[in-house]
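Before any comments, here is the structure.
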Amino acid sequence: MADKIRISDVAKFDGQEVVVEGWLYNKRSSGKLHFLQVRDGSATIQCVVFQGEVEPSVFEDAAELGQESAIRLRGIVREDARSPLGFEIGVIDIEVVHQSESYPITPKEHGTAFLMDNRHLWLRSARQQAIMKVRSTIVKACRDYFDSNDFLLVDAPIFTPASCEGTSTLFETDYFDEKAYLTQSGQLYMEAAAMAFGKVYCFGPTFRAEKSKTRRHLTEFWMIEPEVAYMDLQGDMDLAEDFISFVVQRVLEERRTELESLERDIAPLERTLKPFPRISYSEAHEMLKAEGIAHTWGDDFGAEDETVLANKFDRPVIVHRYPAACKAFYMKADPENEKLALCMDVLAPEGYGEIIGGGQREDDLNTLQEKLSEHGLDAAPFEWFLDLRRYGSVPHAGFGLGIERTVAWLCGLPHVRETIAFPRLLQRLYP
Ligand code: 4AD
Ligand code: MG
């Protein structure tokens, strides 16, 4: 009996008879030969059907196969220097598991709207396969980093009674006789968990009713959020740069082939090593002014501003101490200038924008209560959060890394819509 193999393992079976279960990606025929590009999710391999080597019915079946037909194929693995895998398969037999007809995504060019409507099928394309594999490796690297640095995974809830990142982007839902909101961030819960376990992280989907159409915003995105007790802003920046360097180098080790197939320039990723440059918000503001960009001190940076700033550096840049007025309620004020928050953003190079937001949290009860009211937030749903400042409050800090923006950056994608299997956007809830 021939071994059933995954195509990516083909090199181990040189000269042997194997079975592959997959789908027909593409086909080319010439006279006595059919060249089938067969994919099984692990890789794609050329399978050659030679009229002189198979039953006539097999040769006819191969001629009839439509794109994305499901096939179980038996053949001999042989070296092929021209193949990216280094091997091809000489076909002995084909079982047609399902004949697919008129597959909508043909090898010709299609428009984005059409491809997005067919996202459930588009995932089978070589480009999407490469992106999803890089994403999977990024997620694994993120988890491995925190798991191997003594962080405890604590899952945050999805239904929440209060906002974390401002009320303008809340998704509201009925929760029996109450209102609940889909979580914007697990942070507040991680602060509780950090007081219980010291070093924690959560990783899950987060939701924001982003009403603007941009290349960087999804309404549902995944975020990994570490939180550490007895850590200050300095420690938070150290952690962020160590973490990002680790993730990028892991992706370069494990997904070089995929990055190359996406024609990603590897050089800027290879430079993504700590330490990262660190500049204050005020320094960043001066840099923009020097470039002739109209930016008002006090305003947050827009996407274009972030691109200009990032282009000044050869690796990610950390911008710290933004004006408190443009940031969330929970940030600790800088003791040296109360107008500033002890926060930081990490801006990715090459115009990919903010990938991390975080900082040191306000740990004083009275100050936090004042901040809530300044932000017009009712304290009642935050009473549990205020308890953290009543019982053993300590300096603490953390951050959130957006997975989709990280995927866009590492893969070199112009838009986040391709960074997640089924993106949720302002105007897209299908498929
Ligand atoms: O800067 P943000 O809003 O920070 C927080 O949510 C903090 N509570 C995190 C923390 O300190 N634990 O979001 C963090 C990151 C951003 O830098 C970005 O990468 C991503 O989440 N992000 C989005 N990604 C895709 N679509 C959106 N609408 C996003 N909003 C934020
Ligand atoms: Mg932010």
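For segment 352-374, the candidate set comprises residues that are assigned to a loop (DSSP other than H, G, I, E, B) and either more than 14 Å from ligand 1 (Cβ to nearest atom) or basic (K, R) (or both); within that set, the residue that is nearest to the chain's Cα centre (by Cα) is D363. Scanning segment 173-193 for residues that are open to solvent by 30 Å² or more (accessible area, probe 1.4 Å) and assigned to a loop (DSSP other than H, G, I, E, B) returns F176, D177. Given the condition open to solvent by less than 50 Å² (accessible area, probe 1.4 Å), out of contact with any Lys or Arg (no Cβ under 6 Å at 6 or more places or on another chain), outside any loop (DSSP other than H, G, I, E, B) and farther than 22 Å from R255 by Cβ, answer yes or no: does some residue in segment 97-109 qualify? Scanning segment 97-109 turns up no residue that is open to solvent by less than 50 Å² (accessible area, probe 1.4 Å), out of contact with any Lys or Arg (no Cβ under 6 Å at 6 or more places or on another chain), outside any loop (DSSP other than H, G, I, E, B) and farther than 22 Å from R255 by Cβ. Restricted to segment 239-344, the set of helices (runs of 4 or more DSSP H) holding at least 2 residues that are in contact with a Gly (Cβ under 6 Å, 6 or more places away or on another chain) and either under 30 Å from E374 (Cβ atoms) or of a type in the set (D, E, K, R) (or both) comprises 303-310. When the residues of segment 380-427 are filtered to those that are in a strand (DSSP E or B) and touching a Ser or Thr at 6+ places or on another chain (Cβ under 7 Å), the one that is modelled with the highest pLDDT is G400. Among the residues of segment 116-131, those that are of a type outside the set (D, E, K, R) and either open to solvent by 20 Å² or more (accessible area, probe 1.4 Å) or modelled with pLDDT under 95 (or both) comprise N118, H120, L121, W122, L123, S125, A126, Q129.
As a summary of the residue check, E178 satisfies the conditions (1) farther than 18 Å from L386 by Cβ; (2) within 16 Å of ligand 2 (Cβ to nearest atom) except for the one numbered (2). With the condition kept exactly as written, say whether any residue in segment 31-39 is in contact with an Asp or Glu (Cβ under 8 Å, 6 or more places away or on another chain) and either of a type outside the set (K, R) or open to solvent by less than 40 Å² (accessible area, probe 1.4 Å) (or both). No, segment 31-39 has no match at all.
Quick check, is K140 farther than 26 Å from R428 by Cα and in a helix (DSSP H, G or I)? Here the answer is yes, as K140 does meet what is asked. Among the residues making up segment 7-25, those that are of a type in the set (A, V, I, L, M) and open to solvent by less than 40 Å² (accessible area, probe 1.4 Å) are I7, V10, V18, V19, V20, L24. The residues of segment 299-317 that are open to solvent by 30 Å² or more (accessible area, probe 1.4 Å), hydrophobic (A, V, I, L, M, F, W, C) and within 21 Å of D236 (Cα to Cα) amount to a single one, F313.
Look at segment 273-298: where a residue is polar (S, T, N, Q) and a partner is at pLDDT 95 or above and surrounded by 12 or more Cβ atoms within 10 Å (Cβ to Cβ), sitting 6+ places away or on another chain with Cβ atoms under 6 Å, you get S280/H320; S280/R321.
The values are calculated or read from the model by the stated rules, or taken from the named source; none is laboratory data. Every value quoted in this text rests on a predicted model; they were computed, and no experiment measured them. With ideal geometry, Cβ positions are generated from the backbone for all residues, glycine too; neighbour counts draw on all protein chains shown. Heads up: the accessible areas ignore ligands, DNA and RNA and are worked out on the full protein's heavy atoms, side chains in. Shrake-Rupley method; radii C 1.70, N 1.55, O 1.52, S 1.80 Å.
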